[in-house]
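Here is the structure we will look at, set down as structure tokens.
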Amino acid sequence: MSFYRIELTPDDNDSYLATSPDFPELTTYGDDQDDALGHASHAVEEAIAARIAHGAEVPQFSGSVSQGKPFIRLTALTTLKVTLYRTLAQKGVTRAELSRRLGWHREQVDRLFRLDHASRLDQIEAAFAALGVQLDLSRVVEARPAT
């Protein structure tokens, strides 16, 4: 699963401070816990986008979620883009080289790594294939009802 832990701390004005042990730069707040988690979700996406834009490491997804502990789950598209970004780095391939392998313009490749761009699954799949990696999306987890 692709999620990150969030720490919620009650503030002195009945709001909640949200931080993440995975992203020291993340600090946001909300009027209540749900609001703080919503803000934290956006803040995690922004932190990931900034790290990708600057060529920095994106933390590994949290290994496990403890019952009752707050976390945010990344969208499937964001998860794929982060995984593609990490795979590119692990393989030692530049975006320019990926562009050559795919026969695409550089901007087309760059959009694969922009979290605000709705890349198509077939494009992401092609990029993984160009890196010698095959996607296996066979696992689907049933959502638990909210409590």
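The values are calculated or read from the model by the stated rules, or taken from the named source; none is laboratory data. All figures in this text were calculated on a predicted structure; none of them were measured in a lab. Don't worry about glycine lacking a Cβ; one is built from the backbone with ideal geometry, like all the others, and counts go over all protein chains shown. Note: accessible area is taken over every heavy atom of the protein model, side chains too, but ligands, DNA and RNA are not part of it. Shrake-Rupley method; radii C 1.70, N 1.55, O 1.52, S 1.80 Å.
Remarks
- Condition met for Gln108 (more than 18 Å from Phe3 (Cβ to Cβ), assigned to a helix (DSSP H, G or I), more than 11 Å from the chain's Cα centre (by Cα) and not hydroxyl-bearing (Ser, Thr, Tyr)): yes
- Positions within region 84-108 being among the β-branched types (Val, Ile, Thr) and free of Cβ contacts under 8 Å to residues at least 40 places away in the same chain, in sequence order: Val93, Thr94
- Condition met for Ala50 (in a loop (DSSP other than H, G, I, E, B), among the aliphatic types (A, V, I, L, M) and out of contact with any helix residue (DSSP H, G or I) (no Cβ under 6 Å at 6 or more places or on another chain)): no
- Unique residue being open to solvent by 80 Å² or more (accessible area, probe 1.4 Å) and modelled with pLDDT under 95 when the list is Arg139, Arg120, Arg100, Arg106: Arg139
- Residue within region 48-64 that is of a type in the set (Ser, Thr, Tyr) and modelled with pLDDT under 95 present: yes
- Taken together, Val58, Val44 contain a single residue that is in a helix (DSSP H, G or I), out of contact with any Gly (no Cβ under 7 Å at 6 or more places or on another chain) and buried (at least 18 other Cβ atoms within 10 Å of the Cβ), which is Val44.
- The residues in region 4-34 that are open to solvent by less than 90 Å² (accessible area, probe 1.4 Å), within 22 Å of Ala76 (Cα to Cα) and of a type in the set (Asp, Glu) can be counted, and the count is 1.
- Taking first residues from region 6-35 that are touching a residue at least 60 places away in the same chain (Cβ under 8 Å) and partners that are acidic (Asp, Glu) and open to solvent by less than 30 Å² (accessible area, probe 1.4 Å), no Cβ contact under 8 Å between residues at least 6 apart in sequence or on separate chains turns up.
- Every residue from region 74-87 that is buried (at least 17 other Cβ atoms within 10 Å of the Cβ) and not in a helix (DSSP H, G or I): Leu74
- For Gly30, the stated conditions do not hold, so it cannot be described as of a type outside the set (Ser, Thr, Tyr) and at positive phi.
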